[in-house]
Amino acid sequence: MLNIKLNSKSSIYSGPTSLARFDAWLLKKNYSKIFILVDENTHQHCLPVFLNELSNLKHFEILEMPIGEENKILSISEQLWISLSDLNCDRNALLINLGGGVVSDMGGFIASTYKRGIDFVNIPTTLLAMVDASIGGKNGIDLNGIKNVVGTINLPQLVCVFPDFLKTLSKREFMNGMAEVFKHALIADSAYWNILVKCNIEKLSTEELANIVDTSVAIKSLIVKQDLNETGLRKTLNYGHTVGHALEAFFLQNGKSVLHGEAVIEGILIENTIAVKKGILGKKEAETIKKELRKYYNALNYKLSDISTIINFMLHDKKNNSSSINLALISAIGSCNEKVECTKEEIHEALQNYLLA
Ligand code: NAD
Ligand code: ZN
């Protein structure tokens with residue numbers, strides 16, 4: 001059970017009593033209206049659970065958006081703004097985002113911009129949203145197929161992490177979120193890594209799962225608290241992501257379904273080989289990490305001739321300039337250097353060796 005204060009206006013509750021604590025929080029507030037944003041799945045699977053836990057939430061309006069990343073776009077934002085307006089949403093209303101990262105990114109964005117900003121609360125229902133997307137105040141939508149181009153940095157009043165929602169999540173979506181969990185351990189906490197490798201991730205007990213969620217929520221929150229605007233430390237959360245995002249974009253373009261977390265795991269393994277080559281990370285440690293992650297995640301397949309396309313995706317990533325690419329690399333399990341300059345050649349070689357391994 002966690003209760004973290006990110007700043008004077010934003011807190012995170014995590015654990016089995018988080019919704020009961022949200023219920024008590026709501027009682028102290030005087031919102032003019034309450035709106036709940038869901039997608040079709042969270043409407044069906046999570047809303048009944050949510051309402052069952054909240055005795056103080058009696059009057060509300062439901063806004064439903066269609067499922068999936070392809071709907072994290074401006075036309076849907078516009079429909080949601082219009083719905084808020086039609087339902088007489090004023091500046092003293094609250095928007096509750098009940099869903100995965102798509103719902104919290106979209107909901108955070110429309111709440112931050114509607115009437116120049118209304119309060120919002122994130123209730124994440126996927127593991128990825130619990131340990132990552134719902135925390136940290138990044139809200140946004142995609143533009144022209146490019147992810148998160150339009151958005152705000154604005155913290156929710158509250159994030160409530162209630163692990164029971166995970167019961168209806170598919171195994172693949174669960175492992176998608178576990179990629180961020182492994183990342184948290186690798187960048188920040190070697191003891192946490194040792195706990196993770198001793199667990200059977202596919203058969204976690206309720207208690208093990210609650211502890212994992214709490215630990216990752218704490219790691220991400222602590223990083224965000226110290227560096228909300230990503231000037232330094234927060235960049236460590238990009239570990240595995242520069243290469244991972246490029247792989248994700250490459251496979252998307254080629255019509256192959258690769259989830260974000262699946263691409264990030266391969267990004268981690270490829271970036272580790274760069275760290276080893278540069279003498280930053282020990283070879284043995286990189287091999288241990290690979291052995292553990294391969295228990296759950298399969299290698300991805302691209303052709304040698306695809307490597308320059310993959311590197312081009314990295315160069316278009318907003319976090320890089322044209323000649324070199326900055327990576328967040330680990331120097332040991334639990335310790336990450338947020339900015340290591342790498343050449344295109346070093347990355348090319350790592351992407352090539354990945355195919356030969
Ligand atoms: P998602 O919201 O699309 O959820 C994945 C799928 O699970 C969807 O089909 C959803 O309807 C379904 N679902 C959600 N909760 C469920 C439940 N409890 N039971 C059954 N089904 C459920 O995707 P996601 O992986 O949660 O989030 C990905 C999004 O998060 C991306 O758009 C990404 O850009 C964003 N993101 C944002 C940040 C940030 O800091 N803002 C960080 C990481 C990711
Ligand atoms: Zn990620």
TODO: Give the long-range amide H neighbours of LEU63: residues separated by 5 or more places, or on another chain, with amide H under 5 Å away, using H modelled in the peptide plane at 1.01 Å from N.
DONE: ILE36, LEU37, VAL38
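What value does region 56-162 have for Rg/Rh, both radii from Cα atoms and Rh as Kirkwood defines it? Write down the numbers at each step before the final one.
Values: Rg = 12.7 Å, Rh = 13.7 Å.
On the Cα set of region 56-162, Rg over Rh gives 0.93.
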Task: region 267-337: C-alpha gyration tensor shape, a/c 1.5 cut-off, then a/b vs b/c - done: oblate
Task: In order through region 159-174: 3J(HN,Hα) via Karplus (6.51 cos²θ - 1.76 cosθ + 1.60), integer Hz, x for Gly, Pro - done: 10, 10, 9, 10, x, 4, 4, 5, 4, 9, 7, 5, 4, 5, 5, 5
TODO: Restricting to the chain, compute how many DSSP beta bridges are antiparallel as a %, nearest 5.
DONE: 45 percent
Task: In sequence order, calculated HN-Hα J values of region 175-180 (Karplus, 6.51, -1.76, 1.60; Hz; x Gly/Pro) - done: 5, 4, x, 4, 4, 5
Open item on the list: Whole-Hz ³J(HN,Hα) for each residue in region 151-157, computed from phi via Karplus 6.51 cos²θ - 1.76 cosθ + 1.60 with θ = phi - 60°, x for glycine and proline: what do you get?
Closed with: x, 9, 10, 7, 6, x, 4
TODO: Run down the aspartates and glutamates and flag those whose C-alpha is under 12 Å from the C-alpha of LYS147, throwing out any fewer than 8 positions away in its chain.
DONE: GLU69, GLU70, ASP105, GLU248, ASP317
- [ ] Express the relative contact order of the chain as a whole percentage, based on alpha carbon pairs under 8 Å and six or more residues apart in sequence.
- [x] 14 percent
Open item on the list: Going by amide H atoms built from the backbone, whose H comes under 5 Å of the H on LYS339, apart from near neighbours?
Closed with: LEU329
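Within 10 Å of each candidate Cβ there may be at most 10 other Cβ atoms; applying that plus a DSSP loop requirement, which GluC sites (Glu not before Pro) in region 57-108 survive? Walk me through the numbers before you get to the answer.
On the way: sites: GLU61, GLU64, GLU69, GLU70, GLU78; in loops: none.
Passing sites in region 57-108 do not exist.
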TODO: Report the residues of region 134-154 in range of a label on LYS339: point 7 Å along Cα→C-beta, backbone N strictly under 15 Å from it.
DONE: none
Open item on the list: What is the angle, in °, between the Cα long axis of helix 74-86 and the longest principal axis of the Cα atoms in the chain? Nearest 10 is fine, range 0 to 90.
Closed with: 10 degrees
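Can you give me the accessible area per residue for region 120-204, using a 1.4 Å probe, in Å²?
36 Å²
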Open item on the list: Compute the angle between helix 206-226 and the longest alpha-carbon principal axis of the chain, please, reported from 0 to 90 degrees and rounded to the nearest 10.
Closed with: 80 degrees
TODO: List the residues whose amide H sits under 5 Å from the amide H of VAL150, counting only those 5 or more places along or on another chain, with H placed 1.01 Å from N in the peptide plane.
DONE: ILE141, LEU143
Task: region 241-357, accessible area per residue, ligands and nucleic acids excluded (1.4 Å, Å²) - done: 49 Å²
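The values are calculated or read from the model by the stated rules, or taken from the named source; none is laboratory data. In this text the structure is predicted, and so the values were computed from the model without any measurement. Every residue, glycine as well, gets a Cβ built from its backbone with ideal geometry; the counts of neighbours run over all protein chains shown. Note: accessible area is taken over every heavy atom of the protein model, side chains too, but ligands, DNA and RNA are not part of it. Shrake-Rupley method; radii C 1.70, N 1.55, O 1.52, S 1.80 Å.
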